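The values are calculated or read from the model by the stated rules, or taken from the named source; none is laboratory data. Keep in mind it's a predicted model, so treat the numbers as computed, not measured. Counting neighbours? That spans all protein chains shown, and the Cβs are built from the backbone with ideal geometry, glycine included. Surface areas here come from the heavy atoms of the whole protein model, side chains and all, with no ligands, DNA or RNA. Shrake-Rupley method; radii C 1.70, N 1.55, O 1.52, S 1.80 Å.
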Amino acid sequence: MTTTTETYGVDPTPSPLALLLLGREADPNSERGVECPGDLPAASDPDLVARARAAKEKLGDRVFILGHHYQRDEVIEFADVTGDSFKLARDAAARPEAEYIVFCGVHFMAESADILTSERQQVVLPDLAAGCSMADMATAEQVAECWDVLTDAGVADVTVPVSYMNSSADIKAFTGKHGGTICTSSNAKRALEWAFEQGQKVLFLPDQHLGRNTAVLEMGFSLEDCVLYNPHKPNGGLTAEQLRDAKMILWRGHCSVHGRFNLDSVNEVRERIPGVNVLVHPECRHEVVTAADQVGSTEYIIKALDAAEPGSKWAIGTELNLVRRLAKAHPDKEVVFLDRTVCFCSTMNRIDLPHLVWALESLAEGRVPNVITVDAETEKYAKAALDRMLALP
């Protein structure tokens, strides 16, 4: 039989979504643009490493390069420090002598760095299309509408917002304006405990899985204490009674990387590698977290592998760049990706060596590209929420 497009209904032209996931296009509804004034070096340029070194050396102490754990190795090579998003933002704030902070991460991370650094410092994101699908799942307009729904249900005055670090500056500002705090995957329990001392309910933004896993597995709440607010449904798809009965109002958001792991992934790797330790990030689904041997933040995962016995076997449920780096750093242990399907963070991967070289060479030539700036009003309330987190015991 002749195979045709009509036979299978397959359009041979890549869709916009496919191109976005491949890192070749931007989503006009959520991305900030990808234009690079001047020439972006070709990925095949054999001189990229030398060019990056030369530009960084020319800039000296004027530049400070941050590399998130999920970045490519070719980018991490030039990072002055590595870490998770909040650690990197604080590291930037601790380097006031650096005029330029080049953040090799995603947009919300660069926003946090701008909020925490001084006015004389400029934060640069090498590719403005390096966004975060989770952060984009909660917009300021949607969250304001949600608060109206809570107000109509008579529960807004007893609800405290807690927003994950993986959120836009607008969401952090909303949180700060309404008396809430920010959390990381490391201190989510402490943040929730604080919030329940201030009110009777929590609106947790934007990652439902971190909120649910923390409340149920670490704080003794039941799944029935949690409801899921869907911003794409009238009233979030919830009744006023459901909102009044709930303790945790979870936003319908998730990480596109961690959300892909499922129970089959865990069962398959246990069958394939007898005696394996399954270690996953708390952004994973509840069924995955409950089936794992250990659960923890990115920093927790790194420390767990550092402390693990030689010869031990590990299946890691987090971003693939980090898992590969851990496997390379621990040749005395068997370290594998939890799922058989390769899965990088597509938007984080937009920061590649050509974009880093372009950003550094631009700075060395006196041009400051892709500056991330948070307006004063947003910064004021977002910083209030971040300060509350920093004050947590």
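Below is a table of values for the structure above.
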item: Within the stretch 176-224, tally of residues that are of a type in the set (S, T, N, Q) and more than 23 Å from the chain's Cα centre (by Cα); result: 3
item: Some residue of the stretch 340-352 being of a type in the set (V, I, T), at pLDDT below 95 and more than 19 Å from the chain's Cα centre (by Cα); result: yes
item: Test: residue in the stretch 249-269 that is more than 22 Å from A138 (Cβ to Cβ) and basic (K, R); result: no
item: Residue match in the stretch 38-51 (condition: modelled with pLDDT of 75 or more, open to solvent by 40 Å² or more (accessible area, probe 1.4 Å) and among the β-branched types (V, I, T)); result: yes
item: Residues that are surrounded by fewer than 20 Cβ atoms within 10 Å (Cβ to Cβ) and either touching a Leu at 6+ places or on another chain (Cβ under 6 Å) or in contact (Cβ under 8 Å) with a residue 24 or more places away in the chain (or both), drawn from the stretch 57-70; result: K58, L59, D61, R62
item: T181 being more than 19 Å from L390 (Cβ to Cβ), crowded, with 19+ Cβ neighbours inside 10 Å, touching a helix residue (DSSP H, G or I) at 6+ places or on another chain (Cβ under 6 Å) and at pLDDT 95 or above; result: no
item: For E299: the one exception among (1) under 30 Å from Q198 (Cβ atoms); (2) in contact with a Ser or Thr (Cβ under 8 Å, 6 or more places away or on another chain); (3) in a loop (DSSP other than H, G, I, E, B); result: (3)
item: Filter result (surrounded by 24 or more Cβ atoms within 10 Å (Cβ to Cβ), in contact with a strand residue (DSSP E or B) (Cβ under 6 Å, 6 or more places away or on another chain) and in a helix (DSSP H, G or I)) within the stretch 88-105; result: L88, A92
item: Complete set of residues in the stretch 269-288 that are charged (D, E, K, R) and within 16 Å of the chain's Cα centre (by Cα); result: E283, R285
item: Count of residues meeting criterion [among the hydroxyl-bearing types (S, T, Y), surrounded by fewer than 24 Cβ atoms within 10 Å (Cβ to Cβ), modelled with pLDDT of 95 or more and in a loop (DSSP other than H, G, I, E, B)] in the stretch 124-178; result: 1
